[in-house]
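Engineer: Structure provided below as structure tokens; questions to follow.
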Amino acid sequence: MTKPIPFAGLTAQITELNPVRSIGRVSRVEGGVVHVSGLAGKARIGDLVVVYRQGEPLSGEVLQLDGDRLVLLPDQAPDGVALNDRAALLEARGIAPSDGWVGRVIDPFGNPLDGKPLLRGPDARGLRNPPPEPARRRAMGERLNTGMAVLNTLLPIVKGQRVGLFAGSGVGKSSLLGHLAQNMTADVVVIALIGERGRELRHFIEEVLGADGLKRAVVICATSDQSPLIRRRCAWAAMSVAEHFRDQGLSVLLLADSITRFAEAHREVAVASGEAPVLRGYPPSTAHLIMSLCERAGPGEGAQGDITGIFSVLVAGSDMEEPIADILRGVLDGHVILDRTIAERGRYPAIDVLRSVSRSLPGAATEAENNLITTTRRYLSIYDQNAMMIRAGLYSQGSDSDIDLAIQLWPDLDGYLAKAEKQSVANSFTQLELVMRRNQVPTRPNLPASRGRPNSAA
Ligand SMILES: Nc1ncnc2c1ncn2[C@@H]1O[C@H](COP(=O)(O)OP(=O)(O)O)[C@@H](O)[C@H]1O
Ligand SMILES: [Mg+2]
């Protein structure tokens, strides 16, 4: 990280103070939005405006500009707002992250939520920045140690990879993200908690992430009771903070929980500004919204570092055709699916290996490792296809040697898939190899051990 310039943050904060405020008046209140006259010439889309209703401030974001009027979506219901109430324009389009934010919990505007003072950084950056130039962007990088056996071997995550984490509620998405925040290789972790309930948020920060996880993380959150504008802003703010660290050449891990809540917040905003929810319940701009966010994660260009992104998606049942899941899958380099039946029998992480895919394979692994992965998947699949018959006692041993082996291997593999593996990726493969050897599984074919070893962080 760059050495902090003494007082730079403070100086920036003072310079930004604007003694002159543009003031307008409320001219109309209708359907949850507030029309303000007298500010339209100075405001931009995305600016903040504060309406003083009986002296109490009510803030909101500029949604539309029309002649000399602007349309404001307030952060709370506009109860008590009267015609001619004063409205002040605040330019708060960006966010100014600072290296000192590591270890802190903040709101999407860069204000502290942990009760301690927080300085902003010297430079404000936009919330909706373009991704690095596609032609100049590096390819995905080296394999990262995730601290979890299954993600180290069968579903690897490499530097700059973007992965979706799909599951129903209560199947273990947040717990898995917490584990990655603590254990995965990264210089800085940026966590966006979008639209969680207040209680869940506290539980996540105190119990799941813990003091150790927080030490190297910036947590940006907006709870479910906050306005859709703030919830939507949370994802953008987190990405901007991640870009701040990436631009210093660091390897950033961005965890967003969840993209579904981000899309739902956008739907509320878009419907308030007149868009029709015609894309299976979502406004058409949702696809671009999600893609432009996720595209900002990924490998950097030149001296930049990388943003490895993990985005959680809430799917009802295991409906991967659900619109948000469907849109997201198109931009990702892999998806990890958590399964409720696996969670119910107590195996965590409840990853359904057969339905999950990492697009960094086969390049991320050596030939020998790829063989091991293929063999493992093959026997998991054989077991899966015959599971019903096996459990019902309809399969008689000896009918098929592959099924026999799959049955024998199953408890060992199931145990392996639950392993937290903190040492290294290489060690995770050794463990998997041991499982295979113990059960005398031929890891075909007999290739020279490791030709062209990939550049592995582990
Ligand atoms: N690794 C784990 N070990 C034991 N229980 C877990 C684990 N991960 C999740 N759980 C159980 O599942 C519940 C829901 O997990 P959570 O991560 O909050 O799910 P989600 O974010 O998908 O709603 C937890 O309260 C806990 O009981
Ligand atoms: Mg959760």
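Every read-out reported here was derived from the displayed coordinates using simple, explicitly stated rules and does not represent laboratory data. Small disclaimer: the values here were computed from a predicted structure and weren't measured. Methodologically, a virtual Cβ is constructed for each residue, glycine included, from the backbone with ideal geometry; neighbour enumeration extends over all protein chains shown.
Engineer: For a footprinting-style exposure proxy, rank V353, V36 by other Cβ within 10 Å, fewest first. If you can, show how the numbers build up before the last one.
Structural biologist: Numbers: V353 21, V36 27.
With the fewest neighbours first, V353, V36 line up as V353, V36.
Engineer: Give the order of H244, H203 when sorted by the count of other beta carbons within 10 angstrom, beginning with the fewest. It would help to have the intermediate numbers written out before the result.
Structural biologist: Numbers: H244 23, H203 15.
Listed from fewest to most nearby Cβ atoms, that is H203, H244.
Engineer: Reachable aspartates and glutamates from K42, Cα under 20 Å, same-chain residues fewer than 8 places away excluded?
Structural biologist: Excluding near neighbours in sequence, the set is E16, E61, D66, D68, D85, E91.
Engineer: If you restrict to DSSP beta bridges whose two residues both lie in the chain, what percentage is antiparallel, to the nearest 5? Mind showing how you got there, number by number?
Structural biologist: Working: 40 of 72 bridges.
Bridges in the chain that DSSP calls antiparallel: roughly 55 percent.
Engineer: To continue, here is another question. Working only with C-alpha atoms, what are the Rg and Dmax values of region 244-387, expressed in angstrom?
Structural biologist: Over region 244-387's Cα set, Rg and Dmax evaluate to 18.2, 56 Å.
Engineer: Need the full-extension length gain, R197 to N129, defined as separation in residues times 0.36 nm minus the C-alpha distance. One decimal, nm.
Structural biologist: Details: separation 68, 0.36 × 68 = 24.48 nm, distance 2.81 nm.
Gain on stretching R197 to N129: 21.7 nm.
Engineer: With everything on Cα atoms, drop me the angle between helix 425-438 and the longest principal axis of the chain, reported from 0 to 90° to the nearest 10.
Structural biologist: Computed tilt is about 30 degrees.
Engineer: Can you pull the semi-axes for region 30-133, root of five times each eigenvalue of the Cα gyration tensor, sorted largest first, whole Å? Each step should come with its number before you reach the end.
Structural biologist: On the way: eigenvalues 164, 66, 23 Å².
Each semi-axis is the square root of five times an eigenvalue, giving 29, 18, 11 Å.
Engineer: So, one more: Angle check, please: helix 367-391 long axis (alpha carbons) against the longest principal axis of the chain (alpha carbons), in degrees 0 to 90, nearest 10.
Structural biologist: 80 degrees
Engineer: Hey, what's the Cα Rg ratio for region 315-385 versus the globular rule of thumb, 2.2 N^0.38 Å? Walk me through the numbers on the way to the answer.
Structural biologist: On the way: Rg = 13.9 Å, N = 71, 2.2 N^0.38 = 11.1 Å.
Normalised Rg, Cα atoms only: 1.25.
Engineer: Normalising by the residue count of region 91-141, find the relative contact order in percent from Cα pairs under 8 Å and 6+ residues apart. Let's see the in-between values first.
Structural biologist: Working: 43 pairs, mean separation 20.2, N = 51.
Worked out over region 91-141, it gives 40 percent.
Engineer: Set the Förster distance to 56 Å, then compute FRET efficiency between M389 and H288 from the Cβ-Cβ distance, nearest 0.05.
Structural biologist: On the way: r = 47 Å, r/R0 = 0.83.
For R0 = 56 Å, the calculated efficiency reads 0.75.
Engineer: Translational diffusion coefficient, Stokes-Einstein: compute it for region 340-431 using the Kirkwood radius over C-alpha pairs as Rh, at 10 °C and 1.306 mPa s, and state it as an integer in µm² s⁻¹. Each step should come with its number before you reach the end.
Structural biologist: On the way: Rh = 14.7 Å.
For these conditions, the coefficient is 108 µm²/s.
Engineer: Between the helical axis of 173-183 and the dominant principal axis of the chain, each derived from Cα atoms, what acute angle in degrees is found, rounded to the nearest 10?
Structural biologist: Helix 173-183 sits at roughly 80 degrees to that axis.
Engineer: Computed from the mean reciprocal separation of all distinct C-alpha pairs, what Kirkwood hydrodynamic radius does the chain have, in Å?
Structural biologist: Numbers: mean 1/r = 0.0417 Å⁻¹.
Final number for the Kirkwood radius of the chain is 24.0 Å.
Engineer: Of K173/K215; K173/K422; K116/K422; K159/K422, which pairs sit farther than 27 Å apart, going by alpha carbon to alpha carbon?
Structural biologist: Details: K173/K215 21 Å; K173/K422 19 Å; K116/K422 33 Å; K159/K422 18 Å.
Result: K116/K422 exceed 27 Å.
Engineer: For G121, what residues show an amide H to amide H distance below 5 Å, using hydrogens built from the backbone and excluding near sequence neighbours?
Structural biologist: Residues meeting the amide H criterion: A96, S98.
Engineer: May I ask you to derive the relative contact order of region 176-229, considering only C-alpha pairs under 8 Å and at least 6 residues apart, and to give it as an integer percent?
Structural biologist: On the way: 59 pairs, mean separation 27.1, N = 54.
Averaging sequence separation for qualifying contacts and normalising by length gives 50 percent for region 176-229.
Engineer: Rounded to whole Hz and in sequence order, give me ³J(HN,Hα) for region 221-230 from the Karplus expression 6.51 cos²θ - 1.76 cosθ + 1.60, θ = phi - 60°, writing x for Gly and Pro.
Structural biologist: Going residue by residue, I get 9, 9, 7, 5, 7, 7, 5, x, 5, 6 Hz, with x marking Gly and Pro.
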